[in-house]
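Derivation of every value follows stated rules applied to the coordinates shown; laboratory data play no part. Note that the coordinates shown come from a computational prediction; the quantities given were computed from them, not determined experimentally. Ideal geometry is used to build each Cβ from the backbone, glycine not excepted, and the neighbour counts take in all protein chains shown.
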Amino acid sequence: MRFLPGNQDCRVAVVGLGYVGSCLAAVLADRGLDVVGIDVDAHLIAELDRGYCRFREAELGDLLARVMAAGRLRVTTDYAAAGAADVVLIAVGTPVADDGSLAAGQLSAACAELSRHVREGQLIILKSTVPPGTTRSLVLPLLERSGLRAGLDFGLAFMPERLAEGTALRELREFAMVAGGPDLASTQAAAQFFRAALGVVVMELDSLESAEIVKLADNWWIDLNIALANELAKFCALFDVDVLDVIAAANTIPKGAGHVNILLPSVGVGGSCLTKDPYMIWQSARRRGLDIRTAITAREVNAGMPEYTAQLIIDTLAALGKDPAAARIAVLGLAFKNNTGDLRATPVQGTVAALVKAGAEVRLFDPLTDHTQAAELFGIKPAETMLDAVLDADCVAVLALHREFEDIDFAALPVAASCVVVDGRAYYSKAKIAELSALGFIYRGIGRPA
């Protein structure tokens, strides 16, 4: 059976309008497709209907408003809207439980509800990250409650999202995708849809499981690579060596089809993917009798960086004769990544908690994050301005270098004498460090010379 209509009259439903789903819906509608977005969060739907986008992604708010005004995207809480779609994309949340296993509540509920509206000839594509075997053992049987059979009556495929916050819309339009289904026709239909809709390269894989593992492999590599960078930074610190020099030199060596590519150390790893996907790998392997050590070790290394960063601050203040318990510390940048307002699993929370535990007075400022959410997460109300945050500060910790922080006039900051500048994700150049030193600041970075 052919699971895909001609592209010009293709109707698309996106189930789950979180970060990934909203980006998908906006870009597909911008390409001229008729898109309906479905989410059980009535508050989110109401926000979108009145033109508000809660996700701080470049261009996303404007793009959503434009395609909704043009009538190419509409949003609803009613799953019945999926019945009229030719292609259904599932992009619901797939968190992990405390033991690292998939918390499948959202995915199960979405598939059970969709089964009431599946029709012959539809193509259903799962985008949510899942452990290998989930699409076949969970999604497929739930959808087949409809009485229709995957691969015969409707198409089913897994195509992982592999987007980075801050550049997601560009990556959707440019990055290669992968597709895998339980049958060749489903795989080909899924690949054909995205080739036609977005003009991107799509690799067709042999199975659902191979496509599921691709996303996990990507994030396994990233988290493990960052763990290497973080431990390398700690190692370089023992010898007063600049880890950025070491990484730049090491990365010049050709290896395989590319070069050695060590990533950069930082205050830690956050976000909804890198902090959970390695646990999916570990738990999936354990259930089949394999002990995966690199994934879980990398998680332990990266999870320890927030406290390491806090200790760097505490030790530096103590070395300057300043009592950490009486110190004022300004933290600039609360999100898990530069140039995003996303607080999910932000490592900054761990650093702030350790500083508060040490007795310091911590002030927060981030121009991109929601202040109410930040106050709830950190237990501290953020300052309204950067100057309020840094007033009389003994330490200014730049833990996310948003664009608003790139041109800080440190000479004009009303800080205390011998103020420490801690670089948690700014990667200041040696010239910048020299400038700070000339102004009387004490610079400390992750794996950077004192």
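Among Ala168, Ala335, Ala81, the largest mean-square fluctuation in a Gaussian network model of the chain (Cα springs under 10 Å) belongs to Ala81. The H on the amide N of Val415, modeled in the peptide plane, is under 5 Å from the matching H of Asp392, each at least 5 residues off or on a different chain.
Determine which residues of the range 88-131 fall in the zone a paramagnetic label at Arg286 would reach in this model, i.e. backbone nitrogen under 19 Å from the point 7 Å along Cα→Cβ. Residues 95-105, 130-131 fall inside that zone. The calculated pair-distance distribution of the range 153-277 uses every alpha carbon pair, bins of 5 angstrom beginning at 0, and gives 2, 10, 14, 16, 16, 15, 10, 7, 5, 3, 1, 0, 0 percent. Centroid-to-centroid, using Cα positions, the range 229-285 and the range 131-204 are 30 Å apart.
In percent, how large is the relative contact order of the chain, given Cα pairs closer than 8 Å and 6 or more residues apart? Intermediate results must be reported in sequence, preceding the final value.
Values: 914 pairs, mean separation 53.7, N = 450.
For the chain, the relative contact order is 12 percent.
The relative contact order of the range 385-433 comes to 49 percent, based on Cα pairs under 8 Å that sit 6 or more residues apart.
Taking the range 165-273, which chymotrypsin sites (Phe, Trp or Tyr not before Pro) meet the DSSP loop condition and have no more than 14 other C-beta atoms within 10 Å?
Working: sites: Phe175, Phe193, Phe194, Trp220, Trp221, Phe235, Phe239; in loops: Phe175, Phe239.
In loop regions of the range 165-273 (DSSP not H, G, I, E or B), the sparsely surrounded chymotrypsin sites (Phe, Trp or Tyr not before Pro) are Phe239.
Which of rounded, prolate or oblate describes the range 111-212 when judged by the alpha-carbon gyration tensor and an a/c cut-off of 1.5? Here the range 111-212 falls in the prolate category.
Out of all DSSP beta bridges in the range 101-244, what portion is antiparallel? Express it as a percent rounded to 5. Could the numbers behind the result be given before it?
Working: 1 of 9 bridges.
For the range 101-244, the DSSP antiparallel bridge percentage is about 10.
Gap in Å between the Cα centre of the range 50-100 and the Cα centre of the range 373-429? If we compute the Cα centre of each part, the gap is 34 Å.
Charges at C-beta only: +1 for Lys and Arg, -1 for Asp and Glu. How large is the resulting dipole of the chain about its Cα centre, in Debye rounded to 20? Intermediate values should be presented prior to the final figure.
Numbers: 41 positive and 54 negative charges, 153 e Å.
Charge dipole of the chain: 740 debye, to the nearest 20.
Plainly put, the range 33-90 has a radius of gyration that is 0.95 times its Kirkwood radius, both from alpha-carbon atoms, as the Rg/Rh ratio. Take every DSSP beta bridge whose two residues both sit in the chain; close to 10 percent of them are antiparallel. A Gaussian network model of the chain, with springs between Cα atoms under 10 Å, assigns the largest mean-square fluctuation among Ala91, Ala13, Ala285 to Ala285. From its DSSP helices (H runs of at least four residues, each -39,500 (n - 2.57)), the chain gives a residue-normalised ellipticity at 222 nm of -11500 deg cm²/dmol. Gain on full extension, evaluated as 0.36 nm per residue between Val356 and Glu120 minus their Cα-Cα distance, stands at 79.1 nm. Expressed in Å, the radius of gyration and Dmax of the Cα atoms of the range 316-393 are 12.4, 36.
Cross-link reach is defined here as a Cα-Cα straight distance under 21 Å, omitting same-chain residues fewer than 8 places apart; for Lys276 the lysines meeting it are Lys127, Lys215, Lys337.
Extension gain for the segment Ala326 to Glu404, taken as residue separation times 0.36 nm less the Cα-Cα distance, is 25.2 nm to one decimal.
With angles folded into 0 to 90 degrees, how steeply does helix 208-238 sit against the dominant principal axis of the chain? Use alpha carbons for both and round to 10. It works out to around 10 degrees. Residues whose amide H comes within less than 5 Å of that of Arg363, counting only those at least five positions distant or on another chain, are Ile329, Ala330, Val331 (H built at 1.01 Å from N in the peptide plane).
Along the Cα-to-Cβ line of Ala417, 7 Å from the Cα, sits a label point; which residues in the range 427-441 have backbone N less than 14 Å from it? Within reach of a label on Ala417, which here means backbone N under 14 Å from a point 7 Å along Cα→Cβ, the range 427-441 contributes 440-441.
How far is helix 294-303 tilted off the main Cα axis of the chain, in degrees rounded to 10, range 0 to 90? Long axis of 294-303 versus the principal axis of the chain: about 50 degrees.
Could you work out the equivalent-ellipsoid semi-axes for the range 359-419, taking the square root of 5 times each eigenvalue of the Cα gyration tensor, largest first, in whole Å? Don't skip to the end; give the middle numbers.
On the way: eigenvalues 77, 45, 16 Å².
The three semi-axes for the range 359-419 are 20, 15, 9 Å.
Mind checking the angle between helix 305-319 and the chain's longest principal axis? C-alpha axes, 0 to 90 degrees, to the nearest 10. Result, in degrees: 10. For a bin width of 5 Å, list the pair-distance distribution of the range 149-201 built from all Cα-Cα distances, rounded to whole %. The distribution over the range 149-201 is 4, 22, 25, 20, 14, 9, 4, 1, given as percents.
Across the range 65-111 the C-alpha pair distances fall into 5 Å bins from zero in the proportions 5, 16, 18, 19, 16, 11, 9, 5, 2, 0 percent. Label separation (Asp240 vs Ala80): 7.4 nm, computed from points 7 Å beyond Cα along the C-beta direction. Each Cα pair of the chain feeds into the Kirkwood radius, which the Stokes-Einstein equation turns, at 10 °C and 1.306 mPa s, into a diffusion coefficient of 67 µm²/s.
In this structure the amide hydrogen of Ile124, modeled in the peptide plane, comes within under 5 Å of the amide hydrogens of Val88, Gly155, Leu156, Ala157, none closer than 5 places in sequence on its chain.
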